[in-house]
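K.L.:
Dropping a structure here in structure tokens format, bear with me for questions.
The values are calculated or read from the model by the stated rules, or taken from the named source; none is laboratory data. Being a predicted model, the structure only gives us computed values, none of them experimental. Here the Cβ positions follow ideal geometry from the backbone for every residue, glycine too, while neighbour counts run over all protein chains shown.
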Amino acid sequence: MAAFVLIPGAGTDPRIYDAAIEALKTLGHDGLAPALPLDDADAAPSDHADAVIRALPADGEQTVVAQSLGAFAGSLVAARAPVARLILVAPMIPRPGETAGEWWTSTGHEEAIADLLERHGPMSSWGPDAIAEVFLHDVDPNVSRANERYQGVPGDGLFGEPWPLEAWPEVPTHVLAPTEDRLFPLEFQRRVVRERLGLEIDEIPGGHLPMLSRPREFASRLIDLARADRGVG
């Protein structure tokens with residue numbers, strides 16, 4: 001049995017993983033989504049990493065799962081705590097010294113979503129229609145409404161801290177990329193992962209939030225990746 005420690009993207013309450021944690025339990029595994037300092041606008045990725053580390057179980061094999069901007073914090077957890085592996089989901093993969101605010105330009109993200117920006121304007125101005133089109137296009141409307149309370153505005157602190165590591169942590173790392181992700185299109189994600197980690201992606205159907213759109217399949221894929229590291233068929 002593996003234990004999965006789940007970190008969400010920017011401004012998102014970890015309870016967005018509730019359905020995925022239930023799915024992990026039905027498949028015989030544990031899931032934990034630690035509380036994060038979301039009420040502190042100055043909290044940086046390192047503060048989020050500290051909150052996760054404090055919540056880690058004292059024993060057992062831990063797999064850290066980090067989605068989107070959560071990859072900044074997730075990688076710090078993997079560097080500072082004894083975890084078995086790191087699974088990144090639709091991630092923003094940092095380079096040494098890079099802030100999350102700088103990441104968008106340095107990866108060429110604007111070019112990758114030029115059509116969205118032309119129709120909806122800058123991301124900072126996106127309203128409900130753009131949010132629904134980009135993030136929720138494959139999520140059941142009832143699920144979207146039930147989880148709306150977990151979606152918040154990320155604090156500035158998440159975007160201003162330079163990633164403090166000199167290199168990627170030495171733990172097995174996988175990248176799970178949704179094939180219909182409209183925020184991080186598949187070929188954009190594939191290129192960034194190759195350039196920054198030298199890895200190939202694993203794919204999952206759907207958009208940016210697979211923990212909402214297909215929680216059981218998402219849970220199953222996490223388990224498969226953990227088993228692959230251990231050589232379990």
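K.L.:
Determine, yes or no, whether Q62 is buried (at least 20 other Cβ atoms within 10 Å of the Cβ) and modelled with pLDDT under 95. Spell out the reasoning first.
P.N.:
Working: buried (at least 20 other Cβ atoms within 10 Å of the Cβ): yes; modelled with pLDDT under 95: yes.
For Q62, the condition - buried (at least 20 other Cβ atoms within 10 Å of the Cβ) and modelled with pLDDT under 95 - is met.
K.L.:
Right, another one. Give me the pairs, please: first residue somewhere in segment 1-20 and within 11 Å of G31 (Cα to Cα) and touching a residue at least 60 places away in the same chain (Cβ under 8 Å), second residue anywhere and surrounded by fewer than 20 Cβ atoms within 10 Å (Cβ to Cβ) and of a type in the set (K, R), beta-carbon distance under 9 Å, and either six or more positions apart or on two chains.
P.N.:
Pairs that qualify, where the first residue is within 11 Å of G31 (Cα to Cα) and touching a residue at least 60 places away in the same chain (Cβ under 8 Å) and the partner is surrounded by fewer than 20 Cβ atoms within 10 Å (Cβ to Cβ) and of a type in the set (K, R), are A2/R227; A2/R230; A19/R216; A20/R216.
K.L.:
Let me ask something else about it. Scanning for something out of contact with any Asp or Glu (no Cβ under 6 Å at 6 or more places or on another chain) and part of a loop (DSSP other than H, G, I, E, B), does segment 15-24 turn up at least one residue?
P.N.:
Residues of segment 15-24 out of contact with any Asp or Glu (no Cβ under 6 Å at 6 or more places or on another chain): 15-24.
With part of a loop (DSSP other than H, G, I, E, B) added as a condition, the list becomes none.
Taking every residue of segment 15-24 in turn, none turns out to be out of contact with any Asp or Glu (no Cβ under 6 Å at 6 or more places or on another chain) and part of a loop (DSSP other than H, G, I, E, B).
K.L.:
Something else about it: Going through segment 71-110 one residue at a time, which ones are among the polar types (S, T, N, Q) and either more than 19 Å from A44 (Cβ to Cβ) or surrounded by fewer than 24 Cβ atoms within 10 Å (Cβ to Cβ) (or both)? Give the steps one after another, and end with the answer.
P.N.:
Step one: of segment 71-110, the residues among the polar types (S, T, N, Q) are 75, 99, 105-107.
Scanning segment 71-110 gives T99, T105, S106, T107.
K.L.:
Residues that are surrounded by 24 or more Cβ atoms within 10 Å (Cβ to Cβ) and not in a loop (DSSP other than H, G, I, E, B): does segment 26-42 have at least one?
P.N.:
The answer is no, given that none of the residues of segment 26-42 is surrounded by 24 or more Cβ atoms within 10 Å (Cβ to Cβ) and not in a loop (DSSP other than H, G, I, E, B).
K.L.:
F188: surrounded by 15 or more Cβ atoms within 10 Å (Cβ to Cβ), modelled with pLDDT of 95 or more, within 15 Å of the chain's Cα centre (by Cα) and among the aromatic types (F, W, Y), yes or no? Before the answer, list the steps.
P.N.:
On the way: surrounded by 15 or more Cβ atoms within 10 Å (Cβ to Cβ): yes; modelled with pLDDT of 95 or more: yes; within 15 Å of the chain's Cα centre (by Cα): no; among the aromatic types (F, W, Y): yes.
Judged against the criteria, F188 is not a match.
K.L.:
Scan segment 53-72 for residues that are part of a loop (DSSP other than H, G, I, E, B) and under 19 Å from P96 (Cα atoms) and jot them down. So that I can check it myself, show each step before the final result.
P.N.:
If we filter segment 53-72 for residues that are part of a loop (DSSP other than H, G, I, E, B), which is where we start, we get 56-61, 68-69.
Correct list: S68, L69.
K.L.:
Considering I53, I93, I87, which residue is in contact with a His (Cβ under 9 Å, 6 or more places away or on another chain) and either free of Cβ contacts under 8 Å to residues at least 40 places away in the same chain or within 25 Å of L225 (Cα to Cα) (or both)? Let's see the steps before the verdict.
P.N.:
On the way: I53 fails: in contact with a His (Cβ under 9 Å, 6 or more places away or on another chain); I93 fails: in contact with a His (Cβ under 9 Å, 6 or more places away or on another chain).
Going through I53, I93, I87 in turn, just one is in contact with a His (Cβ under 9 Å, 6 or more places away or on another chain) and either free of Cβ contacts under 8 Å to residues at least 40 places away in the same chain or within 25 Å of L225 (Cα to Cα) (or both): I87.
K.L.:
Scan E195, E200 and give me the residue that is out of contact with any strand residue (DSSP E or B) (no Cβ under 9 Å at 6 or more places or on another chain), farther than 26 Å from I21 by Cβ and at pLDDT 95 or above. So that I can check it myself, show each step before the final result.
P.N.:
On the way: E200 fails: out of contact with any strand residue (DSSP E or B) (no Cβ under 9 Å at 6 or more places or on another chain).
Just one listed residue meets the conditions, E195.
K.L.:
In addition: With the checklist (1) closer than 26 Å to E118 by Cβ; (2) of a type in the set (F, W, Y); (3) touching a strand residue (DSSP E or B) at 6+ places or on another chain (Cβ under 9 Å) in hand, flag the one item F159 doesn't pass.
P.N.:
(3)
K.L.:
Can you confirm whether segment 151-171 contains a residue that is closer than 17 Å to Q67 by Cβ, in a helix (DSSP H, G or I), within 18 Å of the chain's Cα centre (by Cα) and at pLDDT below 95?
P.N.:
no
Rundown of residues vs (1) without any contact (Cβ under 8 Å) to a residue 40 or more places away in the chain; (2) of a type outside the set (K, R), yes/no style:
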{"site": "Y150", "(1), (2)": "no, yes"}
{"site": "V153", "(1), (2)": "no, yes"}
{"site": "P162", "(1), (2)": "no, yes"}
{"site": "V175", "(1), (2)": "no, yes"}
{"site": "T179", "(1), (2)": "yes, yes"}
{"site": "R194", "(1), (2)": "yes, no"}
{"site": "G206", "(1), (2)": "no, yes"}
{"site": "E217", "(1), (2)": "yes, yes"}
{"site": "A226", "(1), (2)": "no, yes"}
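K.L.:
Hey, among the residues in segment 86-133 that are more than 20 Å from R190 (Cα to Cα) and not in a helix (DSSP H, G or I), which one's farthest from the chain's Cα centre (by Cα)?
P.N.:
Among those residues, the one meeting the criterion is G121.
K.L.:
Among the candidates I113, I53, single out the residue that is within 22 Å of E203 (Cα to Cα), modelled with pLDDT of 95 or more and surrounded by fewer than 23 Cβ atoms within 10 Å (Cβ to Cβ).
P.N.:
Working: I53 fails: within 22 Å of E203 (Cα to Cα).
Exactly one of I113, I53 is within 22 Å of E203 (Cα to Cα), modelled with pLDDT of 95 or more and surrounded by fewer than 23 Cβ atoms within 10 Å (Cβ to Cβ), namely I113.
K.L.:
R216 - would you say it is surrounded by fewer than 17 Cβ atoms within 10 Å (Cβ to Cβ), closer than 21 Å to V65 by Cβ, of a type outside the set (V, I, T) and modelled with pLDDT of 95 or more? Can you show your working first?
P.N.:
Working: surrounded by fewer than 17 Cβ atoms within 10 Å (Cβ to Cβ): yes; closer than 21 Å to V65 by Cβ: yes; of a type outside the set (V, I, T): yes; modelled with pLDDT of 95 or more: yes.
Answer is yes for this residue.
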